[in-house]
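A short write-up of the structure that comes next.
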Amino acid sequence: MKFERQIFESDVTLDYNEFVDCELRNCVVFYYGGNFSLVRTKLSNVRFALGGPANQTLAFLRFVRANGPQLIDELLDQGPQPVQGENITIN
């Protein structure tokens, strides 16, 4: 679903949604592993929660970190890096 110019102050799920010129504030942002897009969308005082495949990815990242903290940095440094304030699309 596409949301434009809205303010969200209750829990939000990113998966399969597009947020354009929105603000997510004072809420929990859930991610389960699906595609999503944030275009000129501000995150203010949010917490993140993962479920489903995204939670399995988190478990994998914890495993990598347990085998050497530098390994997680090496993994996360691969590929293009997000820049604060820029649009993000995950697919």
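List of remarks:
- For the chain, the set of GluC sites (Glu not before Pro) satisfying both a DSSP loop assignment and a count of at most 13 other C-beta atoms within 10 Å is given as Glu9, Glu86.
- The phi-based Karplus calculation (6.51 cos²θ - 1.76 cosθ + 1.60; θ = phi - 60°) puts the 3J(HN,Hα) values of region 62-76 at 5, 4, 4, 4, 5, 9, x, x, 5, 5, 5, 5, 4, 5, 6 Hz, whole numbers, x for Gly and Pro.
- Computed lengthening from Glu86 to Lys2, 0.36 nm per intervening residue step minus Cα-Cα distance: 28.4 nm
- Rounded to the nearest 20, the Cβ-based charge dipole of the chain about its Cα centre (Lys and Arg +1, Asp and Glu -1) stands at 160 debye.
- Spacing of the two label points (7 Å from each Cα toward its C-beta) at Asn17 and Ala49, in nm: 1.3 nm
- Inter-label distance for Ser10 and Arg62, nm, one decimal - labels placed 7 Å from Cα along Cα-to-Cβ: 3.0 nm
- The candidate values were [x] 174; [y] 100; [z] 78; the one computed from these coordinates for volume of the Cα convex hull per residue in Å³ carries the label [y].
None of the figures in this text is laboratory data; all of them are computed from the coordinates on show. Quick caveat: nothing in here was measured; it's all calculated off a predicted structure. For neighbour counting, all protein chains shown are included, and Cβ atoms are generated from backbone atoms with ideal geometry for every residue, glycine included.
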